[in-house]
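Everything on this sheet refers to the single structure shown next.
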Amino acid sequence: MNAETSTPRGYDPIASLALAVVASIALALAWLLPWWTMEARAPQYGQRTLVVEVSPVKVGGDIFEVDTLGHYVGIRPMGELASFERILAPFGLVAAVLGVLAAPFLRRRWLRALAILPAVVMPIFFVFDLRYWMDRATNERDPDASMNLTVTAIDTKILGDYEIAQFKVTAKLGGGIFVGGIAGLLAVGMLFATPLPLRRRRPANAGAAAAIAGVFFLVPGSAEAAELQVGPEDLLHDALVWAQPGDVIRVRGVHHERVVVPRSVRIYGEPGAVLDGGKEGTVMRILAPDVVVQDLTIRNSGANYNQEDAGVRIEAAPGVVLRRVRIEDTLFGLFALQADRCVLEDSTVIGLDLPVERRGDGVRLWASAGCRLLRNHVERSRDVIIWYSADTVVEANVVRNSRYGLHYMYSDRNRFHHNVFEDNQVGAAIMYSRDLELTENAFSFSSGPSAVGLLLKDADDVFIRRNRFVGNATGLFLDNAPQARDGRLEIQGNWIARNDVGLALQPNVRRARLWENAFVGNRGQVEVQGTGSAEGNEWAVEGRGNYWSDAIVYDPDGDGVSSLPARQESTYEIMAERHPVLGFYADTPAAEAIDLAARWFPIFQPRPRLVDPHPLVKAPTDAWSVTTAHPAERGGLLGLGALLLATGASTYWSSRRAIG
Amino acid sequence: MQRKLIALITTAAGATALAFALSGADTIPDDGGRVIAGGESPIDQVIRERSLSPDEAYAALKTFVPPGRYDDLVMVTSGGHRGTVLLIGIPSMRILKEIPVYGPDSWEGWGQGDTASKEILENGSFAPGLPTLTWGDLHHPQISMTNGKYDGEWIAVSDKAAGRVGIVSMRDMKTKSIFKVPNANSDHHAVWSDNSDWIVQNSFFPDAVGQPKNYADLADYKDKFRGVASFLRFDRKAGKIDVTQSFQIELPPYFQDMSILGRGPSDGLYFMNSLNTEMATGGTLDKKPPMEVGASAREMDYLHVVNWKKAEQLVNAGKAKVINGIRVLPMSVAAAEGVIYFVPESKSPHGVDLAPGGEYVMVSGKLDPHVSVYSVQKIKDAIAANNVEGKDGYGFPILKYEACLEAHVPTGLGPLHTVYDNSGNAYTSHFLDSTVVKFTMGPPYNPPEKAWKVVDKVAVHYNIGHLQAPASNTKKPIGKYLVALNKWSVDRYPPLGPLHPQNLQLIDISGPKMKLLADMPINGEPHNSQIMPVELLQAWNIYPEVGWDAAKMKRSDSATQEGKERIERKGNTVIVHGTVKRSHYTPDIVRVKEGDKVVFSWTNVETARDATHGFGLHGYNVNLSIDPGATEEAEITAVRPGVYPYYCTEFCSALHMEMTGWLLVEPKKK
């Protein structure tokens, strides 16, 4: 189904090397074989056939007889013809062999063309040269010869039968030229074959052996881990085609190509190393287990949803590690299908500059168990998705300006620590899973139509501790969690502040335990969706409830726990839900006054949403605190600083000028 | 702190004074507008006693239908795997009636011994040699239309479990036929054309269509499994599908799901979702990914855009081959002739819904928190310009996604279905968020600057599936109300055992903000529904003639007139030509011999509204509902000698208990 866009070009290093080796063997063989034979018969020699064998390096056979006979009619002795060429020929052969052997390692096609030139040209040159000399030998006859032939011009042939005087001559091409010609053709093939990496550094002890010839590498798997260098002029693709499992490929420079990683290699980028997909297809597809990619920038995938264009796509390959990579301007960042134990760490993923719903997912783990997402930075993506992927660790990541910081389903036993989900539409949506820990994450500034810091639905054994939910439309949304008879949901020590709604629950939420959380200045502290109450949950554990910024506390015994239960039943909240404009007065004396008045003179009975029997006097101090200053706030600070600096400087300047 | 306290006290004092001034006891009006000095009005008292919130008091007034008055609207909803159709009044959310289609119902005497329903159920068998089905999974009831508006004549229903189409007449609210669609083993969805001359459906599960003995192994899934889209010609007069005028189009095995027929600019087009273009087949024991995992691997599936009018021409031109008695247009022809184009859609889509005028097709991918809006014009332009990005493995061209897309509306998690009101708004249900989200449509419903904006959201309880608004799928939606059909009720009702009812919720959409008005527990699994004005209910209260055969919709040949009751014997067959009337059977004694075949033919000779009689026969698994004017037949073989009373099961009069009779089965002489 999946349309392939980046199929690898001419493949298989063995083929390329085989070409070289066969061609050079052919050339060596050609050295030994005759390239051209001439058989001559004449009555005076009876049954004997005179045979002359010519190769680039020598003229052999019955050369003496032929030359003697020729002498009578003034034909020059063949043994002396083309002596200069014959001196050159060995060099030509050596050059041809060396050229052929070198060709597979040459990156540039014109270089390869140059290298194979001797092998290709030699047979052709031989034929023409032979023709030339034969022609001269037979037709520039010695006028002082013993006999004069009746014909003036003899049509010598390179191929075929002809007659000179009473001689019947048969000229044939010899095995040598065939073999040589084959070598030439093979050499031409090398022009189009995949070149091999130029520098393949062996480990020190094997270095010398490796240097001898590429033939060594023909034996697959015999080599120990090697290191391949891919310079700016080289194609990473070629190295990938050539590299054996365990090899290291070092990449330098910017490479405009899309690659497939078919074997378990390690790809290390040197500073500035870039793989650029040219806005087409998927930039890197990893099909082998335990591939390591690090210190590499991967950018410019295509933007086709139907083809799922991605920066990196891992298919059915466990144990892949992406470390310190930068995936930018790609539709999907990392698209991992059945990539168990995949690791993405210390990396950056930045999506295409499109409206959020047209972007792809920064990270998608699909049916990939045991993965680790550590210390990454995902920005301008659609979602980070973890589906059908158990035992995932998500730690110290930052996901910003995306749709779902985390979209998470059908995945058990996952850990989320120290992540920052900021400025997304939904910080994290976690559904249909059990045994989850969320500790010390920040879910902040989620805004949009269905914006929530953390949505938890149909989940069990979830432990949400010391997280921050700040400035979201809704901080934390619970739906049917816990759900199983023995399922647990514990929400402890979280800082839930300045959200429009701190905690929203569907009325089906029961048996959740919430304690030592700080509900600070949320426009609505706790909101029940539709009618119902949140009373079926435990709002205090072991005598410690939550801190409510709007609760009236009284702590005569000074144990930090109020003796007055805190009720969330605010008529003001009910009114604020119906008249959002009142939200303006949230946490103001006016709101408190409206509340007070409404409690004294109820027209409609306020209904308790929940009662915290042991509210805390102060917000728990051990609540995790990180700086999650809104970028805009930071920007504001920067602007303010700049303004002050500018004002100061200009004042100073103007004062100086005034004085001057 | 001190200052804040002072401020608080001061403001509180002021607000208190204000509250006193405004809520002075002598200014509260009671329900009659009179002022009760020093007291509380009865309405306030009720509100206080029942501890209602303002919203709840509003909802109560909004939904209450006083005794004897009718609801404004009627919802025709499915009973799911109960195999029934329900009629529910809106806004009262009272069940008006439940109509059995695929399974027996002893109250209505359906499949409970009467010969007519037995024949209809037998005609709906899955395949020869298999047992007669007594259940079906009825997902989508559809009210017949004339010129794209409900006409209140017929209800067509799907059967996801067996690939059948049931036809219910709205004249007497009884099932008239069940048609097993050849080559389709499932039918999630069936839709009418705008004049109800066609019923169009597509199979959900691919099948070994056209393979020898209808068998193929899953290893040959790609080559031998196929889906079909069925275009079934409906004969309005007969209330039946005419298979000779019907045809199918062979489809790739992609699990085609929900579908919709175009109108207006999209007239002649049929749109279908697909959810398994991965062609996953499951195989958990073979260590393959489970079905749902495999079928959600890709980012996109394909919206099928079918030019079914062109397909009809090709079929009529002889390009089809007959498979299992129906003409089937092969995929090769469909692909070569441009009958089907694909448009990428978000993976695992659910709803595909048509804007009332037919300008937009809205698709929701269950795992994509957006509604994707496709412009019909853009799709047509893309087809005309051949703006394709490739072909699928079966040769169908795939149009470019961006070229067909009009808008992406960010509505929320798990969007499923979209319905429409009369003021240019669309409403989408969200299974995961448990919400209904309202958004504006584009031109011509709203100016471009107000197009495709989410404007409101309401929480529902819980896990909503379909939602429905009055006449939403017609040319002229009505608005006013919306019903959320929620799959789970969890805590909405007191403990009722582990199997929970489902929860329908009525939502007021007449204002800018949606308001939740009422909960309604319902047994069975309602999927889709349609809502029509109550005035369209034009059912008979009594049959037009005494002696009516409801299956044939004409006077029965075996109807018995009063005074002509008799018992006839033909060999071993005894025929009872009887009548029922308050409060007696004639005859009230029937004597037969062991081994006789006994046919009871009862005619209710009453023409009084609601004077229905039952015929409950002990021991022989027979109960008939003999409605006023109806003739009903039951046939038994008197296999066991003994005394078998029969009696009226429908309380009919003061002497109802006396409305009895005897079937005496005399033992064979040895």
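In the set A:ARG382, A:ARG466, which member is of a type in the set (Lys, Arg) and either within 14 Å of chain B (Cβ to nearest Cβ) or under 30 Å from B:ASP456 (Cβ atoms) (or both)?
Answer to the check: A:ARG382.
Residues of region A:87-121 being over 29 Å from A:TRP242 (Cβ atoms) and either buried (at least 16 other Cβ atoms within 10 Å of the Cβ) or of a type in the set (Asp, Glu) (or both), which ones?
Once the filter is applied, which keeps residues that are over 29 Å from A:TRP242 (Cβ atoms) and either buried (at least 16 other Cβ atoms within 10 Å of the Cβ) or of a type in the set (Asp, Glu) (or both), region A:87-121 yields A:ALA89, A:GLY92.
Looking at region B:492-518, which of its residues are touching a residue at least 12 places away in the same chain (Cβ under 8 Å) and in a loop (DSSP other than H, G, I, E, B)?
B:ARG492, B:TYR493, B:HIS500, B:PRO501, B:ILE509, B:SER510, B:PRO512, B:LYS513, B:MET514
Of the conditions (1) more than 26 Å from B:LYS487 (Cα to Cα); (2) under 20 Å from the mean Cα position of the chain (by Cα), B:GLY83 fails just one. Which one is it?
(1)
Table: residues versus (1) closer than 16 Å to B:ASN503 by Cα; (2) of a type in the set (A, V, I, L, M, F, W, C).
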{"position": "B:PRO42", "(1), (2)": "no, no"}
{"position": "B:ARG48", "(1), (2)": "no, no"}
{"position": "B:ALA57", "(1), (2)": "no, yes"}
{"position": "B:THR63", "(1), (2)": "no, no"}
{"position": "B:PRO67", "(1), (2)": "no, no"}
{"position": "B:GLY80", "(1), (2)": "yes, no"}
{"position": "B:LEU86", "(1), (2)": "yes, yes"}
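Got a sec? Which strands (runs of 3 or more DSSP E) wholly within region B:382-470 have at least 1 residues that are under 20 Å from the mean Cα position of the chain (by Cα), more than 10 Å from chain A (Cβ to nearest Cβ) and acidic (Asp, Glu)?
Counting at least 1 such residues, we get no strands (runs of 3 or more DSSP E) at all.
Give the residues of region B:527-554 that are outside any loop (DSSP other than H, G, I, E, B), touching a residue at least 12 places away in the same chain (Cβ under 8 Å) and not aliphatic (A, V, I, L, M), sorted by residue number.
B:SER529, B:GLN530, B:PRO533, B:TRP548, B:ASP549
Being in contact with a strand residue (DSSP E or B) (Cβ under 7 Å, 6 or more places away or on another chain), crowded, with 21+ Cβ neighbours inside 10 Å, more than 11 Å from every other protein chain (Cβ to nearest Cβ) and more than 30 Å from B:GLU292 (Cα to Cα) is the requirement here; does A:VAL399 meet it?
Considered against the rule, which asks whether it is in contact with a strand residue (DSSP E or B) (Cβ under 7 Å, 6 or more places away or on another chain), crowded, with 21+ Cβ neighbours inside 10 Å, more than 11 Å from every other protein chain (Cβ to nearest Cβ) and more than 30 Å from B:GLU292 (Cα to Cα), A:VAL399 comes out as no.
Report yes if B:ASN214 is surrounded by fewer than 19 Cβ atoms within 10 Å (Cβ to Cβ) and over 23 Å from the mean Cα position of the chain (by Cα), otherwise no. Before the answer, list the steps.
On the way: surrounded by fewer than 19 Cβ atoms within 10 Å (Cβ to Cβ): yes; over 23 Å from the mean Cα position of the chain (by Cα): yes.
Yes, satisfied.
If the Cβ limit is 7 Å and pairs must be 6+ apart or interchain, which residue in region A:608-628 that is of a type in the set (Phe, Trp, Tyr) pairs with which residue that is at pLDDT 50 or above?
Pairs that qualify, where the first residue is of a type in the set (Phe, Trp, Tyr) and the partner is at pLDDT 50 or above, are A:TRP624/A:GLU440; A:TRP624/A:ARG466; A:TRP624/A:ARG468.
Given (1) at pLDDT 90 or above; (2) within 14 Å of another protein chain (Cβ to nearest Cβ); (3) farther than 27 Å from B:THR284 by Cβ, identify the lone condition not met by A:SER450.
For A:SER450, the exception is condition (1).
Go through (1) within 14 Å of chain B (Cβ to nearest Cβ); (2) part of a strand (DSSP E or B); (3) over 16 Å from A:ASP391 (Cβ atoms) and name the single condition A:TYR408 misses.
For A:TYR408, the failing item is (3).
Could you check how many residues of region B:92-133 are free of Cβ contacts under 8 Å to residues at least 40 places away in the same chain and in contact with a Pro (Cβ under 6 Å, 6 or more places away or on another chain)?
So the count comes out to 1.
Restricted to region B:125-141, and to residues that are buried (at least 23 other Cβ atoms within 10 Å of the Cβ) and not hydrophobic (A, V, I, L, M, F, W, C), which residue is farthest from B:ASP197 (Cα to Cα)?
Ranking the candidates gives B:GLY136 first.
Specify the residue that is farthest from B:HIS461 (Cα to Cα); the eligible residues are those in region B:495-519 that are within 11 Å of another protein chain (Cβ to nearest Cβ) and of a type in the set (D, E, K, R).
Per the criteria, the residue is B:LYS513.
Within region B:513-532, count every residue that is surrounded by fewer than 18 Cβ atoms within 10 Å (Cβ to Cβ), farther than 29 Å from B:ASP257 by Cα and at pLDDT 95 or above.
Of the residues in region B:513-532, 0 are surrounded by fewer than 18 Cβ atoms within 10 Å (Cβ to Cβ), farther than 29 Å from B:ASP257 by Cα and at pLDDT 95 or above.
Could you grab me the full set of residues in region B:652-670 that are surrounded by 14 or more Cβ atoms within 10 Å (Cβ to Cβ) and part of a strand (DSSP E or B)?
If the condition is that a residue be surrounded by 14 or more Cβ atoms within 10 Å (Cβ to Cβ) and part of a strand (DSSP E or B), then B:THR660, B:GLY661, B:TRP662, B:LEU663, B:LEU664, B:VAL665 are the ones that fit.
Against the condition under 19 Å from the mean Cα position of the chain (by Cα) and away from every other protein chain (no Cβ under 12 Å), how does A:GLU422 come out, does it pass?
no
Which count do you get for residues in region A:340-372 that are away from every other protein chain (no Cβ under 13 Å) and buried (at least 24 other Cβ atoms within 10 Å of the Cβ)?
8
Here are B:THR649, B:THR631: which of them is assigned to a loop (DSSP other than H, G, I, E, B), within 30 Å of the chain's Cα centre (by Cα) and either modelled with pLDDT of 95 or more or of a type in the set (A, V, I, L, M, F, W, C) (or both)?
On the way: B:THR631 fails: assigned to a loop (DSSP other than H, G, I, E, B).
Only one candidate passes the filter, namely B:THR649.
Among A:ALA512, A:ALA481, which is the only one that is within 14 Å of chain B (Cβ to nearest Cβ) and modelled with pLDDT of 95 or more?
Sole residue among the options that is within 14 Å of chain B (Cβ to nearest Cβ) and modelled with pLDDT of 95 or more: A:ALA512.
Out of the residues in region B:327-377 that are among the polar types (S, T, N, Q) and in a strand (DSSP E or B), which is farthest from the other protein chains (Cβ to nearest Cβ)?
B:SER375
The values are calculated or read from the model by the stated rules, or taken from the named source; none is laboratory data. Source: prediction; values computed, not measured. Every residue, glycine among them, receives a Cβ derived from its backbone with ideal geometry; neighbour counts consider all protein chains shown.
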